[in-house]
Every structure is written in structure tokens, then in C-alpha cells.
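J.: Below is a structure I'd like to ask you about.
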Amino acid sequence: VCEGGKLELRCPDGKISIHEAVFGRTEGGNVCPHPQIKSTDCQSASSLTVVRSKCDGQKSCSITVSNGVLGGDPCPGTYKYLEVTFTCVVQ
């Protein structure tokens with residue numbers, strides 16, 4: 001999800017289990033194209049912790065993709081995005 005957007009995860013028949021969450025930029029302009037891309041090697045150290053705290057074990061969750069929500073700006077001057085890998089665990 002591109003910076004400024006909203007991540008929406010849902011598991012109608014189970015609970016969310018977060019495997020990976022990366023906020024920053026590790027790809028060039030092919031992902032979330034924007035004129036302001038100065039770095040392609042930056043990621044927030046706290047994005048996984050933040051996403052897990054909001055989503056793990058829930059049926060659904062919503063996170064605004066922003067520096068403030070995801071623990072600061074890992075690369076000032078670069079347009080970022082959030083990539084999340086998760087599964088739905090049926091109990």
C-alpha cells in the first residue's frame with residue numbers, strides 16, 4: 001500500500017497472522033511510482049512490531065500508511081510504501 005493509503009486486512013473465517021511488514025522502499029519506481037524517490041534501500045525498524053500489535057489475532061484491521069503510525073521516517077525525501085505478508089489462521 002502506497003504512503004498515504006490505508007492497509008485493510010480481513011480474515012472472515014479466522015484470525016490474522018502477520019509474517020512480514022516492511023515500511024520504506026526497497027524497489028525502484030515500478031512500485032508506488034512517484035517523482036520523489038531518493039533511496040531504494042530503506043525500511044523502518046519498527047514496522048513489523050507496529051503491524052503485529054494492531055493486526056495479529058484480529059479478524060480485521062486497518063492501518064494508515066504514514067510515518068507517524070509506522071514509527072518514523074526511515075528515508076526522508078523518499079515516497080514510501082508498506083508491504084505486508086500474512087495468513088488467515090482458522091481455529
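J.: So is G68 among the small types (G, A, S), surrounded by fewer than 17 Cβ atoms within 10 Å (Cβ to Cβ) and more than 15 Å from L7 (Cβ to Cβ) or not?
T.: It is false that G68 is among the small types (G, A, S), surrounded by fewer than 17 Cβ atoms within 10 Å (Cβ to Cβ) and more than 15 Å from L7 (Cβ to Cβ).
J.: Right, here's the next one. Of all residues in region 6-32, how many are within 21 Å of C42 (Cβ to Cβ), surrounded by 11 or more Cβ atoms within 10 Å (Cβ to Cβ), out of contact with any Cys (no Cβ under 7 Å at 6 or more places or on another chain) and among the small types (G, A, S)?
T.: Result for region 6-32: 2.
Yes/no matrix, rows are residues, columns are (1) among the aliphatic types (A, V, I, L, M); (2) part of a loop (DSSP other than H, G, I, E, B); (3) in contact with a strand residue (DSSP E or B) (Cβ under 9 Å, 6 or more places away or on another chain):
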site	(1), (2), (3)
H19	no, no, yes
G28	no, yes, no
I37	yes, yes, yes
T40	no, yes, yes
V50	yes, no, yes
Q58	no, yes, yes
N67	no, yes, yes
C75	no, yes, yes
T87	no, no, yes
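J.: Consider only pairs whose beta carbons are under 6 Å apart and that are at least six residues apart or on different chains; among these, list those whose first residue lies in region 46-69 and is touching a residue at least 40 places away in the same chain (Cβ under 8 Å) and whose second residue is open to solvent by 80 Å² or more (accessible area, probe 1.4 Å) and not in a strand (DSSP E or B).
T.: C61/K54; I63/K54
The values are calculated or read from the model by the stated rules, or taken from the named source; none is laboratory data. Owing to the predicted nature of the structure, the values given are computational and were not obtained by experimental measurement. Here Cβ is always computed from backbone atoms with ideal geometry, including for glycine, and neighbour counts include all displayed protein chains. Areas reflect the complete protein model, heavy atoms only, side chains present, ligands, DNA and RNA absent. Shrake-Rupley method; radii C 1.70, N 1.55, O 1.52, S 1.80 Å.
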